[in-house]
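Let me begin by presenting the structure, written as structure tokens, before commenting on it.
Please treat every number below as a calculation from the coordinates, not as lab data. In this text, all values refer to a predicted model and were calculated from it rather than measured experimentally. Note: ideal-geometry Cβ built from the backbone for every residue, glycine included; neighbour counts use all protein chains shown.
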Amino acid sequence: MATQRVTPPWNYLHEASDTSLESFELSRLNHAANLRKEIAALLEQWIEVTAEAFLARWVREDRKLPSQPGQESDILPQGELPFAPPQMINVGPRQPVRRLRSRIRTGDRTSA
């Protein structure tokens with residue numbers, strides 16, 4: 001990508017009226033904002049394409065791994081996928097929680 005050297009129009013800037021300078025400033029800021037939007041769109045596209053490339057590499061490397069019949073797999077069975085609805089588990093009735101009694105009784109307190 002070729003870089004372009006920008007030379008500001010010094011003569012115009014020195015001789016222009018305040019209204020012309022304001023107009024010039026606003027046009028430059030508008031151009032800068034448009035460039036920023038283009039850069040953001042390009043950055044988003046770059047991230048998406050790079051992620052797709054990494055996914056393709058991961059699939060390629062995963063295919064290269066030898067599959068052994070006795071080896072446990074990291075892949076969960078269909079019913080145990082992390083986003084599957086939770087399955088009901090039969091649990092017996094809850095036992096009451098035993099609470100410790102306070103050692104301080106109302107008759108043991110001393111008043112100050």
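Using a Förster distance of 41 angstrom, determine the FRET efficiency expected from the C-beta separation of Gln95 and Ala51, and round it to 0.05.
Numbers: r = 50 Å, r/R0 = 1.22.
E(calc), rounded to 0.05, equals 0.25.
Have a look at Leu42, Tyr12, Asn30 and report the one farthest towards the positive end of the charge dipole of the stretch 8-66, computed about the Cα centre with Cβ charges (Lys/Arg +1, Asp/Glu -1).
The one lying farthest along the dipole's positive direction is Leu42.
Could you work out the local net charge near Leu42, counting Lys and Arg as +1, Asp and Glu as -1, over the other residues with Cβ closer than 14 Å to its Cβ? Don't skip to the end; give the middle numbers.
On the way: positive: Arg36, Lys37; negative: Glu38, Glu44, Glu48.
My count for the surroundings of Leu42 gives -1.
Between Thr7 and Ser20, what length comes free when the chain is fully extended (0.36 nm per residue of separation minus the Cα-Cα distance, one decimal in nm)?
Working: separation 13, 0.36 × 13 = 4.68 nm, distance 1.83 nm.
So the extension gain works out to 2.8 nm.
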